[in-house]
Amino acid sequence: MKTTYIKLDRKLLENKYFKYPGKAQQLRVWIYLLMHAAYTPKDDEDIKRYGYDHLEPGQVIRSKETIGRDLRLKNHQVKAALDALKKDNMITTKSSNKNTLITIVNWAVYQGKEKQNDQQNDHQNDQRRATKMTTKMTTNKEYKEIPYGYTKNKRNTPGPPSPSAGVPDGSDGYGAPPPGWDQECEEQFLKDKPYNPRQTRLEWWQFWKE
């Protein structure tokens, strides 16, 4: 079974529905609606069978009886919880004879838009990191092709870094550094270490050199 999830803002800790035991029913109904609301637009046959053309993200079709049965609440308790959520502008409802269309206010802020921004930021960070590593590896390759004691451009380009400048001897358990390893390599290796704790310096070097 595929695992799915919803996001809960930490601001919920300060919400009266969370803080006060007497509001537990409203909190249960609120989380129930979040879990059952459409995450993407829906227009399948089940939706049309209920008398609607489609559902927008953040909408769910439920009767009070269904919510009560799922949460083991009485109808008047479900009605009171929905009324409280509407009063606090957390949901809007549109009722028919058989069911109720419930729309979660600010759904895109809580569940959709923020996640999309997070994914975009992660993608941009990955691109910047890849560009930085490509530039560094190209520079190291150029240094390896130049004999020690010479520089590519005597006026502007320094010679290859000293092997002892900020480079460990491998006694820390991560293995000795390969030829061409400099302080910048060491700093980036330590930053990447939490993602692959068992990786040695040589394995890290070979991965980025490919």
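Suppose R0 equals 45 Å; then what is the FRET efficiency for D9 and Q199 from their Cβ-Cβ distance, rounded to the nearest 0.05? It would help to have the intermediate numbers written out before the result.
Values: r = 36 Å, r/R0 = 0.80.
Efficiency, rounded to the nearest 0.05: 0.80.
Annotation for region 1-91: trypsin sites (Lys or Arg not before Pro) lying in DSSP loop with at most 14 further Cβ atoms inside 10 Å of their Cβ are K2, K7, R72, K74. Modelled this way, with points 7 Å down the Cα-to-C-beta line, the labels at N97 and S171 are 8.7 nm from one another.
Taken together, the values in this text are just the output of simple stated rules run on the coordinates, not laboratory data. These figures come from a predicted structure and were not determined experimentally. Cβ: placed from backbone, ideal geometry, glycine included. Neighbour counts: every protein chain shown.
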